Structure formats: structure tokens, C-alpha cells
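S.K.: Have a look at this one before I ask anything.
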Amino acid sequence: MKRYKLVLASTSPRRRELLAMAGVEFIVSPPGVGEDFLPDIGPRENAERIAMDKAMAASGLYPDDPVLGADTVVVLGGQVIGKPVDAQDAERMLSALSGNEHQVVTGFAIAHGAKGLYYKSSVVTLVRFKKIPAFWIREYVAGGEPLDKAGAYAIQGGAGEWVESYSGSYTNIIGLPMEAVREAFWRLGLDVFPAEG
């Protein structure tokens, strides 16, 4: 099977790190598409739609290469929590997540223009936070880590100690469900991951 170089339609440092750790060769193509949610469809459908928009935009530039787009959102009590607009917004989000269970939803899409392959899916991971003291939240936000992340936290960073439990894919919480992504590429016959073993 031909080994392809992947095009990642995302500027997320976390997704770049996950793919690099898996040994995937890739280039980054900033998608330049909107991430606005449509109110008449649910979080999974919105995340998948945005992921496909990103993949399609990059696929137009790289029609001979497989493209991966993704979008991650946090859902609490049926309400979507995106990225915080500022430090105050990040504190508000984390205070709401404190002591509660939420969903991390990542939609991902794969496009290969020359082959006419277009695929999208999504993965949901349940995460429960411990009760977080307000001064810890303020200290964490002051460090700047939450400001570019859905739900205003990074499980692989300073917020990891707040996680009481999770159910599902750990890498999905970081921003890309690697198990599902690897399987999707394999099923589509697009060899971008090095052989395991």
C-alpha cells in the first residue's frame, strides 16, 4: 500500500503533537474556515460539519493527498462550551465544570479529492471534574494555559489533577481521538500511520 503524507487542516499544537507521537508524517494547512455552530443541529453534527469544512478547504489545495480536519467542543448540561474569549470567560467555564461531568466531543473528517473519498465521524468522551477551589482556577487561568482550548482546560497540562474520572478516549480529550482516526484511515485504504509492532 502506498504511504501518503498527511495534510493536517488544523493549527492546533495538541493535534500536531499527537500525530507526531504516532510517527505520522504530515504538513499543516491552516483551514481558514468559520467555526460557528448552527443552532438547529447537535454538538456532534456541528463538530463533524466544521471538521469536514476544514478538510474540504485544505483538500482543494492538496487534492492528491489525504487531509484530516477536526473540531473539539465541550458540552455541559446540553450546552456547548467553546474556547474562552478572555481570562474572565475561562474562569466562568472552569467554575461551571467544577464538580460536574461533561462531554468532550471531537468531530473529525478525512478528504482525498483525487480519490473522491470523504468521511466524517465523531467521538465522545465523558469527563468528571473534582470540585475545584476558586483560587486554583484563578491561578490556572493566570498562567495562560486555558485561553486557546475548548472548555478552557488541558487534561495533559495543569488541569489533569482536577479529573476525577473519564470514560472513553483519552486523546480525544486532548483534541484528536487517535484510535478512531487510525481505524478510519485504515478502512479507507489510506496508509498514513506507520505499522504497529
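The values are calculated or read from the model by the stated rules, or taken from the named source; none is laboratory data. Predicted model, so just to flag it, every value in this text is computed and none were measured. Every residue, glycine as well, gets a Cβ built from its backbone with ideal geometry; the counts of neighbours run over all protein chains shown.
S.K.: Considering every residue within segment 144-156, establish whether at least one is among the polar types (S, T, N, Q) and either buried (at least 16 other Cβ atoms within 10 Å of the Cβ) or within 16 Å of Gln88 (Cβ to Cβ) (or both).
M.R.: Checked segment 144-156: no residue is among the polar types (S, T, N, Q) and either buried (at least 16 other Cβ atoms within 10 Å of the Cβ) or within 16 Å of Gln88 (Cβ to Cβ) (or both).
S.K.: Filtering segment 9-31 down to residues that are surrounded by 13 or more Cβ atoms within 10 Å (Cβ to Cβ) and of a type in the set (Gly, Ala, Ser), which residue is modelled with the lowest pLDDT?
M.R.: Out of the qualifying residues, it is Ser12.
S.K.: What number of residues within segment 12-25 are within 27 Å of Gly78 (Cα to Cα) and either small (Gly, Ala, Ser) or part of a loop (DSSP other than H, G, I, E, B) (or both)? Full working, then the answer.
M.R.: Looking only at segment 12-25, we keep the residues that are within 27 Å of Gly78 (Cα to Cα), and these are 12, 14-15.
Keeping just the survivors that are either small (Gly, Ala, Ser) or part of a loop (DSSP other than H, G, I, E, B) (or both) gives 12.
Adding up the residues that qualify gives 1.
S.K.: A follow-up question, please. Scan segment 26-43 residue by residue and report those that are in a strand (DSSP E or B) and within 16 Å of the chain's Cα centre (by Cα).
M.R.: Val28
Each row is one residue, and each column tells you yes or no for (1) within 20 Å of Val24 (Cα to Cα); (2) free of Cβ contacts under 8 Å to residues at least 40 places away in the same chain.
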residue: Ile50; (1), (2): no, no
residue: Met56; (1), (2): no, no
residue: Asp64; (1), (2): yes, no
residue: Glu91; (1), (2): no, no
residue: Leu94; (1), (2): no, no
residue: His112; (1), (2): yes, no
residue: Lys130; (1), (2): no, yes
residue: Gln156; (1), (2): no, no
